[in-house]
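For reference, the structure discussed in these notes is given below.
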Amino acid sequence: MNKNNKVLALKYRPSTFDELIGQEVMVETIKNSILSNKTPNAYLFTGIRGVGKTTTARIVAKALNCINGVEKICKENLCENCEAISNSNHIDVLEMDAASKTGVEDVRDLIEFSRYGPTSAKYKIFIIDEVHMLSKQAFNALLKTLEEPPEYLKFIFATTEIKKIPITVVSRCQRFDLSRIKSSELFDFLKQISLKENGLISDDALKLIVKISEGSVRDSLSLLDRGLLSNSENEELSLEKAQQIFGFFDKSKLIELFKFIFEGNEAKVIDIYRKIYDQGVDPKVFINDFLELLYYFKNINSLTVESTNFALNDVEFNEIKKISENLDSSSLILFWQFTIKTLGELDIVSNQNLTIEMFLLRLIYLTGVKENKPQTQKKLKDETSEKVELPEIKSDGNSNSNKTINQIKNISQNKETEPKKETSKIESINTFKITSFDDLIKICNENKEIKLKYELENNVNLVKFEKLRIEISFNEKLDKNFIKDLTFKLQEWTGERWIITLSKATGEISLKEKLKKEKNQKIETIQKSKFFLDLKEKFPDIKLIDIKEKSEDK
């Protein structure tokens, strides 16, 4: 290893414009302004952490004061000014941390100091890091000097929170937005550093570091440093070991988990998640990776392996593409909404692991993909001595009531007290036979499930109705919990698991529209009848607005 024992983030900190990566446009602009002697009164560098804001500020200070000029800025044999700036002890270059000096008095001292010209350099330069931390009064005190400073004075500001800086200050600066470093560029940079450090690390592990760092050079170097330090001598840092060190898991495991969710395999889903959790993965990290993969499943046809920024390899990309061929976009969008909602639930339940497990189970039941019947139903059937088919509920007669009570005895050994309540209880479990869409609406009405009845009549278009399977399309007014609620009620009423699927087909018109259409046809027929035409001759202004069946008047 290199004898220099500094951490990598400091050891490989750029000292010249040529060493900066990913900011070519900014570098060219600053160089040209210095060469043409049109430097601004103040520079403002903004961007995420670790992309080079403070580093660029120091390089600009060097470029402005280097004895050799900006084109021949010192690289190895540093001039007096460059060496002093590098060591942060140049008398004319003052670096201030606004996070610790936020008050107006600190800025007033700065302005007072600015009245005196530079001692040994061409410019007196004030570098203010995290400038957004200054108070409102401090910014106001700075305004006048910032707009019309002496020729020898330059300000360089750096911030991660550009929106917190008053617009009056921003407008007086030449602003540069430092972009995140591209994944491919950051990968090449880390590859070079690992070779210089004689560190053995696989390309897949480097790609994982690039992904975790999210375009931040400092973060990526800190992660690389941590990874190399964990290696034994002559041992390569593999992807699997890197995942353990950084608390990340293999994407193929998450893709496999998705596959079992879509298949409705509850046991496999929980088993895979628990293995991921046992690796020490934080639940919020899991949810964020889950969302990322959801995005890929939804948009895989418009993406390439390169556009995923090393998040997926070729095998994973092709696997997602294969699985997504049989998926419905509306289901994936529902998954997205449920996942976002779960992020908020993580802070409510003390054991976040339980929240994630219940979240995964809800996804299985969300679109009715689970095919296995609940264990409680299986147990009930095992205990039943014969197949029980209870009669439909009728309001009069004792024969049906007696027959029902006798059948209850076959199922349960409960006492024969209050037989009417027992009958009601069993009937609510599995006495209803639903063979058509109309039966379903009728039973919703009988059981006072008014909300479900309203949704079925107004917002659902039936595509196909089969035994234990309903295929529907719907309009935008459909309640988001409709499928979950209906699935639960169907199982409660019939004792069997129903599958409800969403279809891209238009389906039949809703029941409400159908009834409206039928009524309009009846009105049109009546208007053409002889009786109505005779009435119209006697009463020209007569209009038929609505009709009612006799049953509706009762």
* **Residues (in contact (Cβ under 8 Å) with a residue 60 or more places away in the chain and surrounded by 22 or more Cβ atoms within 10 Å (Cβ to Cβ)) located in segment 65-81** => ASN65
* **Criterion (out of contact with any Lys or Arg (no Cβ under 9 Å at 6 or more places or on another chain), outside the structural domain of ILE320 (by TED's automatic domain parsing) and among the hydrophobic types (A, V, I, L, M, F, W, C)) met by exactly one of LEU223, LEU239** => LEU223
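Yes/no per residue for (1) in the same structural domain as PHE45 (by TED's automatic domain parsing); (2) charged (D, E, K, R):
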residue: ILE91; (1), (2): yes, no
residue: GLY103; (1), (2): yes, no
residue: PRO118; (1), (2): yes, no
residue: GLU147; (1), (2): yes, yes
residue: ILE193; (1), (2): no, no
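Taking the conditions exactly as written (surrounded by fewer than 19 Cβ atoms within 10 Å (Cβ to Cβ), under 27 Å from SER171 (Cβ atoms) and within 38 Å of the chain's Cα centre (by Cα)), does THR46 satisfy them or not?
Judged against the criteria, THR46 is not a match.
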* Within the bounds of segment 310-324, is there any residue that is on the phi > 0 side of the Ramachandran plot and either buried (at least 16 other Cβ atoms within 10 Å of the Cβ) or modelled with pLDDT under 85 (or both)? -> yes
* Quick one: in segment 181-218, of everything that is basic (Lys, Arg) and within 22 Å of VAL25 (Cβ to Cβ), which residue is farthest from the chain's Cα centre (by Cα)? => ARG218
* To do: Please give the number of the condition LYS124 fails out of (1) in contact with a Lys or Arg (Cβ under 8 Å, 6 or more places away or on another chain); (2) surrounded by fewer than 20 Cβ atoms within 10 Å (Cβ to Cβ); (3) basic (Lys, Arg).
  => (2)
* To do: Say whether the condition of being closer than 25 Å to LEU332 by Cβ, modelled with pLDDT of 75 or more, surrounded by fewer than 12 Cβ atoms within 10 Å (Cβ to Cβ) and among the charged types (D, E, K, R) is met by at least one residue in segment 537-552.
  => no
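For a quick check of your reading: which helices (runs of 4 or more DSSP H) sit entirely within segment 450-533 and have at least 1 residues that are crowded, with 18+ Cβ neighbours inside 10 Å, in the same structural domain as SER330 (by TED's automatic domain parsing) and touching a Lys or Arg at 6+ places or on another chain (Cβ under 8 Å)? Give the steps one after another, and end with the answer.
On the way: elements: 450-458, 482-494, 511-527.
Here the list is empty.
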* surrounded by 19 or more Cβ atoms within 10 Å (Cβ to Cβ) and either under 23 Å from TYR12 (Cβ atoms) or among the aliphatic types (A, V, I, L, M) (or both): does that describe VAL104? -> no
* Asked: Across segment 200-216, what is the number of residues that are on the phi < 0 side of the Ramachandran plot and either charged (D, E, K, R) or surrounded by fewer than 20 Cβ atoms within 10 Å (Cβ to Cβ) (or both)?
  -> 7
* Asked: Name the pairs: first residue in segment 339-352 and not in a helix (DSSP H, G or I), second residue not basic (Lys, Arg), Cβ to Cβ under 9 Å, at least 6 apart or on different chains?
  -> LEU346/PRO283; LEU346/ILE287; LEU346/GLN352; LEU346/THR355; LEU346/ILE356; ILE348/THR355; VAL349/THR355; VAL349/MET358
* Structure fact -> Per the filter on segment 176-199, residues surrounded by fewer than 16 Cβ atoms within 10 Å (Cβ to Cβ), at pLDDT 90 or above and not in a helix (DSSP H, G or I) are ASP177
* From (1) within 30 Å of THR102 (Cα to Cα); (2) of a type in the set (A, V, I, L, M); (3) in contact (Cβ under 8 Å) with a residue 60 or more places away in the chain, pick out the condition that doesn't hold for ILE193. => (1)
* Being modelled with pLDDT of 90 or more and in a helix (DSSP H, G or I) is the filter; apply it to segment 110-135 and report the residue that is nearest to ALA57 (Cα to Cα). => VAL131
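Looking at LYS268, is it touching a residue at least 60 places away in the same chain (Cβ under 8 Å) and either charged (D, E, K, R) or part of a loop (DSSP other than H, G, I, E, B) (or both)?
So LYS268 fails the test.
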* Could you grab me the full set of residues in segment 435-449 that are surrounded by 15 or more Cβ atoms within 10 Å (Cβ to Cβ), assigned to a loop (DSSP other than H, G, I, E, B) and not polar (S, T, N, Q)? => GLU449
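This table checks each residue for (1) of a type in the set (Gly, Ala, Ser); (2) closer than 30 Å to LEU327 by Cα; (3) under 30 Å from the mean Cα position of the chain (by Cα).
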{"residue": "GLU457", "(1), (2), (3)": "no, yes, no"}
{"residue": "LEU468", "(1), (2), (3)": "no, yes, no"}
{"residue": "ASN475", "(1), (2), (3)": "no, yes, yes"}
{"residue": "THR487", "(1), (2), (3)": "no, yes, yes"}
{"residue": "SER503", "(1), (2), (3)": "yes, yes, yes"}
{"residue": "LYS516", "(1), (2), (3)": "no, no, no"}
{"residue": "GLN527", "(1), (2), (3)": "no, no, no"}
{"residue": "LYS538", "(1), (2), (3)": "no, no, no"}
{"residue": "ILE545", "(1), (2), (3)": "no, no, no"}
* Tally of residues being under 16 Å from SER330 (Cβ atoms) and either touching a Leu at 6+ places or on another chain (Cβ under 7 Å) or without any contact (Cβ under 8 Å) to a residue 12 or more places away in the chain (or both) across segment 461-472 -> 1
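Of the residues LEU515, LEU490, only one is under 29 Å from ASP328 (Cβ atoms) and out of contact with any helix residue (DSSP H, G or I) (no Cβ under 7 Å at 6 or more places or on another chain); which?
Answer to the check: LEU490.
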* Can you name the number of the only condition in (1) modelled with pLDDT of 85 or more; (2) touching an Asp or Glu at 6+ places or on another chain (Cβ under 9 Å) that LEU239 fails? -> (1)
* Asked: If a residue has to be without any contact (Cβ under 8 Å) to a residue 24 or more places away in the chain and assigned to a loop (DSSP other than H, G, I, E, B) to count, how many in segment 149-172 make the cut?
  -> 2
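The values are calculated or read from the model by the stated rules, or taken from the named source; none is laboratory data. Note that the coordinates shown come from a computational prediction; the quantities given were computed from them, not determined experimentally. Using ideal geometry, Cβ is built from the backbone for each residue, glycine included, and neighbour counts are taken over all protein chains shown.
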